[in-house]
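A short worksheet on the structure shown next.
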Amino acid sequence: MTYQTMHWQGDSTGTLWMIDQTLLPNEFLEIECATLESIWEAIKVLRVRGAPAIGVAAAYGVVTGLRAHRDVDRAAFDAQLQTVTSYLASSRPTAVNLFWALDRMGAVASQSAGVPPADMHDRLFAEAKAIALEDREMCKAIGRHGSELLGDGTGVLTHCNAGGLATAGDGTALSVMFAAAAAGKSIHVFADETRPLLQGARLTAWELQQRKIPVTVICDNMAAQVMKEGRIQAVVTGADRIAANGDAANKIGTYGVAVLAKAHNIPFYVAAPSSTFDLSLSHGDQIPIELRDREEIANGFGRKTVPDNVGVYNPAFDVTPAELISAIVTERGIIRQPTTAAIAEHLA
Ligand code: MRU
């Protein structure tokens, strides 16, 4: 089956539709997000998730939040744009693609002073569509470049979901695997289940199954054993924000996987578009890490797994230091042994 993480129906006054990822793999349901609030909520509770997809949803959120402001004066339109942008920016803090997309939308407006609100709204719609389209192209290019890192017969470990569901296209880490498989290489993917919300077990396994790529789900705490058994020749993950020196934030547990990969002499690759870099941060310890609800761990999927009144700590991301990363794959190519200088040159 083919699936589109989200799509817009209609002209600039239309609505955003998305797969409700909280329901997978039990149910495949596309939901209409007709209001700004519903898009904010969808990002917050992970109906749409994954750094690039969050950016695309936010861009369409801006269009949605301004739909009723086509007939006001320009000052009122700009004020609403500001309100909508700040609101969407408050949904999740770590994936920089969200802020990158909102900045792009804001720049379109500030470069179009004097343009009447209805035209301005159409221009913002065009920009949101461009962000989605570019993301699709970036995913393809990441796959093309990254597939050369995977030889025939490779066992690949991935963490969380950096697939089509996390982007407007084929994904980042999974795009590398899709491209390798399309090139005729036989690969076997091991998907960490990815506690506490199981993006690996629920989403990555589902996507690979749709594409008929062999996949085995393992609990997060099995990665060391599976590596020791010689089943993994490469690790490929996505990223939510990469600092100027190459330190990369990704789903909680990624850092541990990178340490394990180092211990077993297995290359650890990060696949991410250039929109995931935040060159304003020199190091990864400056990346804001989202803290999520106790309930995700203590009462995940509707079953109590921690006694009441016991504390729970739930950071959603961690940061893998650049020295543990063998290469970063972007739509522009491969940065081997990432350093501040190599990244600056790559993105220049
Ligand atoms: O909390 P999530 O599901 O949004 O976390 C997603 C990840 O950590 C992904 O690996 C990352 O966003 C890259 S997606 C191409």
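The values are calculated or read from the model by the stated rules, or taken from the named source; none is laboratory data. These figures come from a predicted structure and were not determined experimentally. Because the Cβ atoms are built from the backbone with ideal geometry, glycine has one as well, and the counts that use them run over all protein chains shown. In case anyone asks, the SASA skips ligands and DNA or RNA and just uses the protein heavy atoms, side chains included. Shrake-Rupley method; radii C 1.70, N 1.55, O 1.52, S 1.80 Å.
Output the number of residues of the stretch 133-173 satisfying the condition of being under 12 Å from the mean Cα position of the chain (by Cα) and either acidic (Asp, Glu) or surrounded by fewer than 21 Cβ atoms within 10 Å (Cβ to Cβ) (or both).
Number of matching residues: 2.
Please go through the stretch 281-298 and give me each residue that is assigned to a helix (DSSP H, G or I), free of Cβ contacts under 8 Å to residues at least 24 places away in the same chain and open to solvent by 20 Å² or more (accessible area, probe 1.4 Å), ordered by number.
Our first condition is that a residue be assigned to a helix (DSSP H, G or I); within the stretch 281-298, this holds for 284-286, 295-298.
With free of Cβ contacts under 8 Å to residues at least 24 places away in the same chain added as a condition, the list becomes 295, 298.
Scanning the stretch 281-298 gives a single hit, Glu295.
So which residues in the stretch 243-268 are more than 10 Å from Gly284 (Cβ to Cβ) and among the polar types (S, T, N, Q), if there are any at all?
Of all residues in the stretch 243-268, those more than 10 Å from Gly284 (Cβ to Cβ) come to 250-254, 256-268.
Asn250, Thr254, Asn265, listed by residue number.
Residue-wise test of (1) over 18 Å from the mean Cα position of the chain (by Cα); (2) away from the ligand (no atom under 12 Å from the Cβ); (3) surrounded by fewer than 19 Cβ atoms within 10 Å (Cβ to Cβ).
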site	(1), (2), (3)
Val176	no, no, no
Ala181	yes, yes, no
Gly184	yes, yes, yes
Ile187	yes, yes, no
Gln199	no, no, no
Pro214	yes, yes, yes
Gly230	yes, yes, yes
Ala234	yes, yes, no
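Please give the number of the condition Ala258 fails out of (1) within 16 Å of the ligand (Cβ to nearest atom); (2) not in a helix (DSSP H, G or I).
So the condition that Ala258 fails would be (2).
Check Asp192, Asp278 and return the single one that is over 26 Å from Gly300 (Cβ atoms), in contact with a helix residue (DSSP H, G or I) (Cβ under 7 Å, 6 or more places away or on another chain), buried (at least 19 other Cβ atoms within 10 Å of the Cβ) and not assigned by TED's automatic domain parsing to the domain that holds Arg136.
Details: Asp192 fails: over 26 Å from Gly300 (Cβ atoms).
One residue alone meets the criteria, Asp278.
In the stretch 299-340, what residues are of a type in the set (Gly, Ala, Ser), part of a helix (DSSP H, G or I) and farther than 23 Å from Glu148 by Cβ?
First, pick out the residues of the stretch 299-340 that are of a type in the set (Gly, Ala, Ser): 300, 302, 311, 316, 322, 326-327, 333.
Keeping just the survivors that are part of a helix (DSSP H, G or I) gives 300, 302, 322.
Across the stretch 299-340, the qualifying residues are Gly300, Gly302.
Given the structure, is Glu41 surrounded by fewer than 17 Cβ atoms within 10 Å (Cβ to Cβ), in contact with a helix residue (DSSP H, G or I) (Cβ under 9 Å, 6 or more places away or on another chain), among the charged types (D, E, K, R) and assigned by TED's automatic domain parsing to the domain that holds Pro117?
On the way: surrounded by fewer than 17 Cβ atoms within 10 Å (Cβ to Cβ): yes; in contact with a helix residue (DSSP H, G or I) (Cβ under 9 Å, 6 or more places away or on another chain): no; among the charged types (D, E, K, R): yes; assigned by TED's automatic domain parsing to the domain that holds Pro117: yes.
So Glu41 fails the test.
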